[in-house]
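What follows is a set of notes on a single structure, which appears directly below.
Bear in mind that the values in this text are calculations on the coordinates, not laboratory data. Note that this is a predicted model, so its numbers are computed, not measured. Neighbour counts are summed over all protein chains in view; Cβ atoms, including those assigned to glycine, are modelled from backbone coordinates with ideal geometry.
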Amino acid sequence: MNNSVANTARLLGAGLRALLVLTLVCGVIYPLVVTGVAQTFFHTKANGSELTSGGAVVGSSLIGQQGYGLDYFQPRPANGLGENSVNTQYKLILSGATNRSGDNAELVKWVKEAKAEVVKENSTADHKVRPSQVPADAVTSSGSGLDPDISPAYADLQVHRVAERNALPVDRVRQLVERHTEGRTLGFIGEPRVNVLELNAALRELVAPGQPTSP
């Protein structure tokens, strides 16, 4: 009986010590080491890839934002075409696409309407946009509905409108787009892309230095 109690006490003691050691190692030391390494070598990414404009944090370069006026470059539509009840303003409470097939009549209607709107908004007195010039990402959302990037083709499509509304030379705005165009990751993964938030922050700095950029 005494041996049984002693063995039980010994096992409980060993288990408690193991619990304390593992809690210290896994719950305190390991998180502190990982956090320290992240903050030292990957400070920006560890803090959410925040983008600062005009001395204020205006968002994360990883998350798209809706609500920009036509003076700015427009992102991809949110959740399909931004007209659905789910995530119409890039809200982070949830994300997702329309879950409609490519031949769905409602989706086809949305795309046609969105293409007509893109053509109308981006045509200027000196430059008329043709429907055939509208890229797919201008009228469809990404799978998450939170894509921060657009294609170089969609950014270029918006150059004339942005230049006209901000009284800037077209070539100046196009150069801005080119400077913010990223190539394929590692040279072969994905497609070239333009981060809309970063581009709009640079545009804002060009038009009104020192003022924060926000939708």
Would you grab the residues whose amide H sits under 5 Å from the one on residue 60? Only those 5+ places off in sequence or on another chain, please, with H modelled 1.01 Å from N.
51
Exposure proxy check on 68, 154, 30: fewest-to-most Cβ neighbours within 10 Å is 30, 68, 154
Positive-end extreme of charge dipole, the chain - chosen from 34, 21, 8 (charges on Cβ)
8
Sort 186, 199 so the one with the fewest other Cβ atoms within 10 Å of its own Cβ comes first.
186, 199
Which label belongs to the value computed from this structure, given these candidates for volume of the Cα convex hull per residue in Å³: [x] 245; [y] 118; [z] 203?
[z]
What spacing in nm lies between the two simple spin-label points modelled at residue 37 and residue 175, each 7 Å away from Cα in the Cβ direction?
4.3 nm
Out of 40, 181, 23, any idea which swings most in a Gaussian network model of the chain, alpha carbons joined below 10 Å?
23
Restricting to Cα pairs under 8 Å and 6 or more apart, the percent relative contact order of the chain works out to 23 percent
Qualifying lysines (Cα of each under 24 Å from Cα of residue 128; at least 8 residues distant if same chain):
109, 112, 115, 120
If you build a Gaussian network model of the chain, linking Cα atoms that sit under 10 Å apart, which residue out of 122, 99, 166 swings the most?
99
Suppose only helical runs count, i.e. DSSP H with n ≥ 4. What mean residue ellipticity at 222 nm does that imply for the chain under -39500 (n - 2.57) per run, divided by all residues and rounded to the nearest 500 deg cm²/dmol?
-13000 deg cm²/dmol
Between segment 20-52 and segment 144-195, the Cα center-to-center distance that results, in Å:
34 Å
Nearest 10 degrees, 0 to 90: what angle lies between the long axis of helix 196-207 and the longest principal axis of the chain (Cα atoms)?
60 degrees
Could you give the angle, 0 to 90 degrees to the nearest 10, between helix 2-24's Cα long axis and the longest principal axis of the Cα atoms of the chain?
30 degrees
Selected from 75, 192, 31 as most flexible by GNM, with the chain as the system and alpha-carbon contacts under 10 Å:
31
